[in-house]
1. Between residue 174 and residue 24, what FRET efficiency follows from the Cβ-Cβ distance if R0 is 41 Å, with the result rounded to 0.05?
2. Taking the simple approach of a point 7 Å from Cα along Cα-to-Cβ for both residue 58 and residue 101, what is their distance in nm?
3. Go through 231-241, 30-40, 61-71 and give me the packing order, highest mean Cβ count within 10 Å leading.
4. How far is helix 38-47 tilted, in degrees, relative to the longest principal axis of the Cα atoms in the chain, given as a value from 0 to 90 rounded to the nearest 10?
5. In what sequence, highest mean first, do 86-96, 125-135, 155-165 appear when ranked by Cβ atoms within 10 angstrom?
6. Among 243, 31, 75, flag the residue with its Cα farthest along the positive direction of the charge dipole of the chain, charges on Cβ as +1 for Lys/Arg and -1 for Asp/Glu.
7. State, to one decimal in nm, how far the label point of residue 135 lies from the label point of residue 90, with both points 7 Å from Cα in the Cβ direction.
8. Roughly how tilted is helix 173-196, in degrees to the nearest 10 and between 0 and 90, from the longest Cα axis of the chain?
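None of the figures in this text is laboratory data; all of them are computed from the coordinates on show. Everything numeric here is computed off the predicted structure, so don't read it as measured data. Cβ placement follows ideal geometry from the backbone for every residue including glycine, while neighbour counts extend to all protein chains displayed.
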Amino acid sequence: MKSLLILIATFFLSACTFFEGNREFPIGNYQVICGYTAETYLKAQADHPQNIEADLHCDHPLYYRSFLSLRDKGQFVIAIADILLYGKYRFDGNKLELIDDKKGVLSLDIIQVKKGFVQLKGDFSQFNSAHLPNTERLYINFELDKTPIREQPGKFDSEVNLWRNIPAKSENEKEIRARTLNFLDYSIAYFQHISNSGIHYDYKIDGVESPITYAQNGIVLKEWEDVPVSWKELFYNEENALLAYKFLLNGFKYGQQEQYSVKGLLLITFYLKNLRNSLVTLG
């Protein structure tokens, strides 16, 4: 009987070790839904452990434009605020390793896995960011996004997220325009994605904080004084951001004016595409 108990205990411990050491989760597109600094996480863990579950949602503009995409053939894209990495990934026990050939390796601890949710912990201090704390590790909740992908590129593709690479020096006019157009590409993909998810009116626009006001009946350019600081920070300095703003202003002033019989997200997407085409035409 004693030997049987020892055998059962040994099996149980082995099983625990196995499950603790293998926390892979399904490939797919994962939207950020919440985040914690290490200090905040540990305090909540001690005081209110229910507030640090992997499926907990929080409300912050940064979350709506941050994601992790794991794809076939070991490819990944991760965009956390103004950090963008893409390349190959692999699972290593309870870790997810993201390998970007140009920017390096990001190793993320897999803390919790629930059906459709995962919580990861990582140190982002090696990457230049104007928004993320770089003195401690971050805990981030992700939710599997099941929205069908109907347009390419989509909001999870690296090519429409290059604007996140904040310049290390002042850019020339051509580079500023390219950055502005790339942000418009992301904005178009963002609204298309929300539309494909079945949400047409009660949508979040925090994922595209920009100089543009989005309304049910169209889009309008804000006054320079009302442009979000987060958008200005996409550029090297305010002077570069102002050039980008004037570039957009020309599109609104001299671009093609179209009339559509639709409202909501479709209208916003149409107007954004028209604006982009006008900017390319105007040069």
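1. For residue 174 and residue 24, the calculated efficiency is 0.40.
2. Label-label distance for residue 58 and residue 101, simple model: 3.5 nm.
3. 61-71, 30-40, 231-241
4. Result, in degrees: 50.
5. Top of the packing list down: 155-165, 86-96, 125-135.
6. Looking along the dipole axis, the top candidate is 75.
7. With each label placed 7 Å out from Cα toward Cβ, I get 3.6 nm.
8. Approximately 60 degrees, to the nearest ten.
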